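Peer 1: Supplied in structure tokens, the structure appears directly below.
The values are calculated or read from the model by the stated rules, or taken from the named source; none is laboratory data. Since this is a predicted model, take the numbers as computed values, not measurements. Please note: Cβ atoms are built from the backbone with ideal geometry, for glycine as well, and neighbour counts cover all protein chains shown.
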Amino acid sequence: MTRPSLSFRVSGLDCAEEVAILKRTVGPLAGGEERLGFDLLAGRMTVPGGTDPEAVVAAVAAAGLAAEPWREREADHRAPERRARTFTTAASGLATAAGFALHALLGGGVAAALGAVESPAPWPARLAYLVAIVAGGWFVAPRAWAALRARRPDMHLLMTLAVAGAMGLGEWFEAATVTFLFALSLALEAWSVGRARRAVEALLELAPATVRRRLPDGTEEELPAAAAPVGLRFLVRPGERIPLDGAVAAGASDVDQAPITGESVPVPKGPGAEVFAGTINGRGALEVVATRAAADTTLARILRSVEEARSRRSPSERWVERFARVYTPAVFAAALAVAVASPLLFALAWGDALYRALVLLVIACPCALVISTPVAVVAALAAAARHGVLIKGGAHLEAPARLAAIAFDKTGTLTQGRPRVVEIVPLAGHDEAELLARAAALEADSEHPLARAVRAAAAERGVRVAPAESFESLPGKGATGRVGGRSFWIGSHRYLEERGQETPEVHDRLEAIAEAGRTAVVVGNATHVCGFLAVADTVRPEAAAALAGLRREGVAHLVMLTGDHAPTAEAVAAAVGIDEVRAELLPAEKLAAIEELVQSHGTVAMVGDGVNDAPAMARATLGIAMGAAGTDAAIETADIALMADDLGKLPWLVAHARRALAVVRQNIVFALGVKAAFVLLTFLGAASLWAAIAADMGASLLVVANALRLLRG
């Protein structure tokens, strides 16, 4: 039996650099680094079950970090570390400023303090600079030592060597400035990751921790939502958040579903309507029957998906990690070559050669590069979640930007998945209201989808419905009963034929309804046909605009894959603008159709909502599920879920993915460009230590700011 995995909180786990270190130190204990899981946002590391926890904690400590067993929903474990990091960074900055002031006052003015004229720092200034170096390096030195012992240079070791070298050359101001700026860049990096983390963790606070139920004596009591059983009837007062998924049993209200589905306006809810945990009740009180346990609510599934998503890296992230593995050692070797070879080959002074090597070490810090993609990916995922689009990982974030074709299921995807009365045809002198009233009366007690459609049409039009008397159901055919003291029947086209009351004109009209993909409900009495209702699964109102938007975004081929019969499929395709229709398909045939599309078009998405769509969604490059009406199988299989079933989000998703990919590329190019420029300046002798670290910090800040733009969606 497979043992459950173990999770640890890792203090200081904010950057891909720490992930690389932990892979090297903890990976052998877990049977390989590929078996480790990391969630930078939560500061969590996951190892396979059966791994010795004490050995893991010791290995993390050897890497210069600290680990402890993971505990759910506890206080923010990073707060003390953030406060300490802020304090030491501030102390480093103040001590650097004090050292500069002392150097200027006691050692020859501002020019001397800046190093423009030769003037050794007096001992009070050196003491202040030393305090700055110790404070700024407080969190850096342990990791540098761990990297040195492992003989694997990382940014902490590179910075430590650069600072030590500057101190050895007597460049105290530069040593202190480099230490402070590096500490500041790490603090800002932790803040930026924390901001993206908080954008996701805000979901945790959506659902109340308790539910309120009414006891038989009329009093109310609260109990933990986590302990509430399915079937519990609970109360939701106006303005409160709904604690569990459920169905409204009594009351009416408008519910703000934006936190879950991204819908911009409140949705009316009445008896029988579905509500989600974490949504906000409007002005009416509701009584709701829980349909899912707290651990299985839509919100809980979103949270689990987001947690899993954060460990699934995008192709850009994987590329950056591979590049950084080669880049850092290469620049380290180049710095060593500059320090040793320059004096021998170019007669450069040993002090100048060493200084240029130190500048290269600073430039080697891959901080801006490695942070350029994770923050952008997390910001894009958080923005999508706020728009009701749940993307299950960075691995699926970039795919929409490259889509060449999209395949759609019909029922429940392009259509609303529930029949509606779309045409009322009265005959023999009857009017629409009469016909609808008699049909609704005869269908009053039926739960058949067609019966619900008839009753809904009567309610929408304000038709008064009198109850039917002497009602008799005819299974598979229809029903009979007395309405207003007269006998009427209701049934299908086939039942009309059995009764022998069909005329050629009625036959032709009913056949036309069938050819249009609609279902006829016929109403009559003993002497004639009173009329009929055409019932159809209506196209989603946003479908045509959504598909037009996809074309504008460059998705060239739109296909419908459906198990429905061809006339119905063709009618829907014509209404929404589908290029190709494949109808009457079994699930295996849908899968084969997706395989054909992948071979002919390359990057293909499948959008569906049912169990029969799951195999095709799994085979497609990208599976997209209708999250509100979709089945659990479809949602679990999909890579992306539209939580409000809003097809209009699809063009937004494609554009959002392209924005995210553009930001990632901008960040990578900018970070590498800054480093390339400083490498050139270093070889020309025009770069300084503090300018290099300032440029590196500036690059980190700019790529973070650029990435956080994606939070606006």
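Peer 1: Search the stretch 146-158 for residues being surrounded by fewer than 16 Cβ atoms within 10 Å (Cβ to Cβ) and assigned to a helix (DSSP H, G or I), and hand back the single one that is modelled with the highest pLDDT.
Peer 2: Ranking the qualifying residues of the stretch 146-158, first place goes to 148.
Peer 1: Pick out, from the stretch 441-493, the strands (runs of 3 or more DSSP E) lying fully within it that include 2 or more residues that are modelled with pLDDT under 85.
Peer 2: Output list reads 469-474.
Peer 1: Can I ask one more? I'd like to check something: does the stretch 132-143 contain any residue that is at pLDDT 80 or above and surrounded by fewer than 18 Cβ atoms within 10 Å (Cβ to Cβ)?
Peer 2: The answer is yes; a qualifying residue exists.
Peer 1: Counting only residues that are modelled with pLDDT under 80 and in a loop (DSSP other than H, G, I, E, B), which one in the stretch 389-411 is nearest to residue 645 (Cα to Cα)?
Peer 2: My answer is 392.
Peer 1: Inside the stretch 82-104, can you point out the residues that are of a type in the set (Val, Ile, Thr) and in contact with a Phe, Trp or Tyr (Cβ under 6 Å, 6 or more places away or on another chain)?
Peer 2: Result: 88, 96.
Peer 1: Give the residues of the stretch 395-441 that are of a type in the set (D, E, K, R) and crowded, with 19+ Cβ neighbours inside 10 Å, sorted by residue number.
Peer 2: Passing the criteria: 398, 409, 410, 438.
Peer 1: Please tell me if residue 555 is touching a residue at least 60 places away in the same chain (Cβ under 8 Å), assigned to a loop (DSSP other than H, G, I, E, B), out of contact with any Ser or Thr (no Cβ under 8 Å at 6 or more places or on another chain) and surrounded by 15 or more Cβ atoms within 10 Å (Cβ to Cβ).
Peer 2: yes
Peer 1: If you don't mind, another one. Name every residue in the stretch 601-619 that is modelled with pLDDT of 80 or more, touching a Gly at 6+ places or on another chain (Cβ under 8 Å) and part of a helix (DSSP H, G or I), in order of residue number.
Peer 2: Once the filter is applied, which keeps residues that are modelled with pLDDT of 80 or more, touching a Gly at 6+ places or on another chain (Cβ under 8 Å) and part of a helix (DSSP H, G or I), the stretch 601-619 yields 616, 617.
Peer 1: Give the residues of the stretch 214-233 that are buried (at least 16 other Cβ atoms within 10 Å of the Cβ) and farther than 13 Å from residue 293 by Cα, sorted by residue number.
Peer 2: none
Okay, residues lined up against (1) at pLDDT below 75; (2) in contact with a Lys or Arg (Cβ under 6 Å, 6 or more places away or on another chain); (3) more than 30 Å from residue 225 (Cα to Cα); (4) surrounded by 16 or more Cβ atoms within 10 Å (Cβ to Cβ):
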site	(1), (2), (3), (4)
298	yes, no, no, yes
326	yes, no, yes, no
343	no, no, yes, yes
350	no, no, yes, no
377	no, no, yes, yes
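Peer 1: Would you confirm whether any residue within the stretch 468-480 is in contact with a Ser or Thr (Cβ under 6 Å, 6 or more places away or on another chain) and surrounded by 14 or more Cβ atoms within 10 Å (Cβ to Cβ)?
Peer 2: yes
Peer 1: Which of the following residues is surrounded by fewer than 20 Cβ atoms within 10 Å (Cβ to Cβ), modelled with pLDDT of 90 or more and assigned to a helix (DSSP H, G or I): 676, 655?
Peer 2: 655
Peer 1: Name, by its number, the condition in (1) farther than 29 Å from residue 482 by Cα; (2) over 43 Å from the mean Cα position of the chain (by Cα); (3) surrounded by 14 or more Cβ atoms within 10 Å (Cβ to Cβ) that does not hold for residue 550.
Peer 2: All conditions pass for residue 550, except number (2).
Peer 1: Let me ask something additional. Residue 574 - would you say it is under 29 Å from residue 422 (Cβ atoms), over 29 Å from the mean Cα position of the chain (by Cα) and not assigned by TED's automatic domain parsing to the domain that holds residue 511?
Peer 2: Spelling it out, residue 574 is indeed under 29 Å from residue 422 (Cβ atoms), over 29 Å from the mean Cα position of the chain (by Cα) and not assigned by TED's automatic domain parsing to the domain that holds residue 511.
Peer 1: Something else about it: Does residue 26 fit the bill of being modelled with pLDDT of 80 or more, within 23 Å of residue 140 (Cβ to Cβ) and surrounded by 18 or more Cβ atoms within 10 Å (Cβ to Cβ)?
Peer 2: Taking the combined requirement at face value, the residue satisfies it.
Peer 1: Say we look at the stretch 504-514 and pick out the residues that are free of Cβ contacts under 8 Å to residues at least 60 places away in the same chain and surrounded by 12 or more Cβ atoms within 10 Å (Cβ to Cβ); which of these is nearest to the chain's Cα centre (by Cα)?
Peer 2: Per the criteria, the residue is 514.
Peer 1: Continuing with the same structure: Here are 486, 438, 461, 402: which of them is charged (D, E, K, R) and either touching a His at 6+ places or on another chain (Cβ under 7 Å) or under 30 Å from residue 638 (Cβ atoms) (or both)?
Peer 2: One residue alone meets the criteria, 402.
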